[in-house]
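> Handing you this structure, nothing more for now.
The values are calculated or read from the model by the stated rules, or taken from the named source; none is laboratory data. Source: prediction; values computed, not measured. Ideal geometry is used to build each Cβ from the backbone, glycine not excepted, and the neighbour counts take in all protein chains shown. Surface areas here come from the heavy atoms of the whole protein model, side chains and all, with no ligands, DNA or RNA. Shrake-Rupley method; radii C 1.70, N 1.55, O 1.52, S 1.80 Å.
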Amino acid sequence: MQKDSKINKSCCFQRHGFLTGMVFLLVIALLVCGNFRASPVWSADMPVVIVDPGHGGNDKGGQGPGGQLEKRVCLALAKKLEAALDGRGAQVIMTRTDDYGISVDQRASLANRHQGDALISLHTGASRNSAANKHCIYYDLPPGGDQGPAAADHDSTIARKWDRIQRRHVRASALLAESLRAQVDQLEMPDGADVMQAPMALLHGLDMPAVIYETGYITHPTMAEKLENQAYLESLARALAEGTMKFLRDSS
Ligand SMILES: [Zn+2]
């Protein structure tokens with residue numbers, strides 16, 4: 001009996017040893033296949049790009065005729081842009097990674113904290129006129145205009161200074177917008193993309209070149225369907241990543 005017991009223990013140990021080995025091999029296989037997402041390896045010379053999916057949580061943004069929501073389109077496009085930039089050698093920081101609300105100040109604060117080299121905020125257009133459809137790329141017109149560096153402001157409060165920090169980056173932001181347009185215009189668009197300068201609350205406080213990219217109008221029936229098409233979002237993300245990296249290469 002004693003002998004049998006030892007044999008049983010030995011078999012049991014061997015069985016557990018076998019199982020442990022199998023689990024070990026499975027973990028290795030997952031790592032090799034990339035199913036287990038390891039932390040990205042970033043080096044200091046890699047540019048930092050902040051990707052900002054607009055809206056989130058209770059803030060749904062625009063809504064399409066088929067129930068499409070701007071906040072979902074923005075996040076889907078942002079994740080594809082993150083992957084496209086990552087594949088081109090950028091460190092990517094997302095201001096939100098899921099469906100939750102985040103304020104303009106929180107977005108700007110996060111972006112500045114990570115010392116981004118560029119920021120792309122993603123939105124869709126929306127209009128009561130369902131025929132309206134256009135791609136727009138906005139760069140900021142800071143309060144008081146875009147002339148002169150922010151440091152030359154005579155405002156004494158820190159809040160006002162940060163409110164105008166984008167001033168020092170306006171020219172670079174315009175170049176970033178043009179670089180994105182050059183790539184996006186190669187895709188099949190209704191009338192190409194417009195680059196416009198306008199006062200944008202999100203952009204005022206950003207200490208880096210920054211733009212808001214507005215995809216076509218989610219209120220346009222055909223565009224709304226297109227914005228749910230993953231292949232379309234993929235090609236858009238690739239164009240935006242290419243435009244961003246070209247801007248970073250040219251300005252370094
Ligand atoms: Zn929006």
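> Rank by packing, highest mean first: peptides 82-92, 59-69, 164-174, with packing defined as the count of other Cβ atoms within 10 Å averaged across residues.
164-174, 82-92, 59-69
> Something else about it: Tally Lys/Arg at +1 and Asp/Glu at -1 over every other residue whose Cβ is under 13 Å from the Cβ of residue 124; what's the total?
+1
> While we're looking at this one, here's another question. Rounded to the nearest whole Å², what accessible area per residue is found for segment 47-251 with the 1.4 Å probe?
Ligands and nucleic acids excluded, the figure is 44 Å² per residue.
> For segment 47-251, what class follows from the C-alpha gyration tensor (a ≥ b ≥ c being the square roots of its eigenvalues): rounded when a/c is under 1.5, otherwise prolate if a/b is larger than b/c, else oblate?
Prolate.
> OK, next. Hand me the GluC sites (Glu not before Pro) from segment 180-252 located in a DSSP loop with no more than 11 other Cβ atoms within 10 Å, in residue order please.
Passing sites in segment 180-252 are 188.
> Full extension from residue 79 to residue 182: what is 0.36 nm times the residue separation minus their Cα-Cα distance, to one decimal in nm?
Roughly 34.9 nm would be gained on extension.
> Beyond a 19 Å Cα-Cα separation, which of these cross-linked pairs lie in this structure: 134/246; 80/134; 79/226?
Flagged as over cut-off: 134/246; 80/134.
> Select from segment 100-133 those trypsin sites (Lys or Arg not before Pro) which occupy a DSSP coil region and have at most 11 other Cβ atoms within 10 Å, ordered by residue number.
128
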